[in-house]
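Below you'll find the structure, written out as structure tokens, and then a few comments.
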Amino acid sequence: MTLQEAQNMLHAIYQGDSSVPSSTSGEWAYRTVLINEAVNKWANLKGVLWNELWTTLEDSLDGDKVTTDSKSYDMPSDFMFLGSFVDVGGVKYEVVSPDRVDDYPADAHIVFVSGNTASGYKLNFVSAPEAGKTINYPYYKKPSELSKTTDVIEMPDPQFCIDWALYRMRSNDGDGQLAGASRAEALTSLEAMKTRNFMSPPNHANTPLDTQEGFGYEGLI
């Protein structure tokens, strides 16, 4: 669902007509703030790492993707944390915390992350990798902030954003009963997304297979 589609539905439910505010109006901007609030509440739900927010450097819009003679490389602007090893031309580099770097030899295949949200994050190698190699790694990203009409809501059930915005708007209107109903609808959608996020496909276990038993079926039963 795009931001435009979300605004259309939000207005239809709230006002009961199709006269959606212009994308340059203050009312549009206000409703976009509420929709983005819902996106951030979804993204930061305690105890959940959303499948939709896992990605790779290869698929990112920025971040250094090829080695040079440097030991330090820019990470994507939406980076939050790494999900596994860093791959450099097929060679795996282990991720360690900065305070453990001195525990390894100078030529160890290890990396560490430095920086912060304000200044950006850097991927640091203890020894410079060979130049011209492709860098790739899985990472967990920040949710995309919505601003353009064509921006797409990343969560699996965008209705959460609409119900949450309705809750805020009706609360501001002083309509406690309708606000409470919208909040309840929003939380129901959020809980359903959480359940789906932890579900495995049919006949697949969400645990590592026991490879010590035949072809590994031991982990499935």
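What to note about this one:
- Sequence ranges 83-89, 194-200, ranked by mean other-Cβ count within 10 angstrom, highest first: 83-89, 194-200
- Under 22 Å, Cα to Cα: Lys pairs in the chain, sequence gap 8 or more or different chains: 23
- Percentage, to the nearest whole number, of Cα pairs in the chain over 23 Å apart: 61 percent
- Stretchable slack from THR188 to VAL95, in nm (0.36 nm times residue separation minus alpha-carbon distance): 29.7 nm
- Projecting label points 7 angstrom from Cα along Cα→Cβ for ASP59 and ASP173 puts them 3.8 nm apart.
- Working note: Karplus 6.51/-1.76/1.60 with θ = phi - 60° gives the range 52-61 the couplings 5, 9, 8, 8, 10, 4, 3, 8, 7, 7 Hz, where Gly and Pro are set to x.
- For the chain, modelled as a GNM whose springs connect Cα atoms under 10 angstrom apart, the maximal fluctuation among PRO201, PRO76, PRO98 occurs at PRO201.
- In the distance distribution for the range 1-131, Cα-Cα pairs more than 23 Å apart total 52 percent.
- What the phi angles of the range 175-182 give under the Karplus curve with 6.51, -1.76 and 1.60, with θ = phi - 60°, is a coupling list of 9, x, 5, 5, 4, x, 5, 5 Hz, glycine and proline written as x.
- Between ASP99, ASP74, ASP62, the Gaussian network model of the chain with springs among Cα atoms under 10 angstrom shows the greatest mean-square fluctuation at ASP99.
- Within the shell defined by Cβ-Cβ distances under 14 Å, the residues around ASP157 carry a net charge of -3, with Lys and Arg each +1 and Asp and Glu each -1.
- In nm, spacing of pseudo-spin labels at ASP69 and PHE81 (7 Å Cα→C-beta vector): 3.6 nm
- Interchain or long-range residues, amide H under 5 Å from THR56's placed H: TYR139
- Antiparallel DSSP beta bridges within the range 52-141, as percent of all bridges there, nearest 5: 90 percent
- The 3J(HN,Hα) values that the Karplus relation (6.51, -1.76, 1.60; θ = phi - 60°) gives for the range 188-201 are, in residue order, 5, 4, 5, 5, 5, 5, 4, 4, 5, 4, 9, 7, 9, x Hz. Gly and Pro appear as x.
Any read-out appearing in this document is the output of simple, stated calculations on the displayed coordinates, not a laboratory observation. Computed from a predicted structure; not experimentally measured. Backbone-built Cβ (ideal geometry, glycine too); neighbour counts: all protein chains shown.
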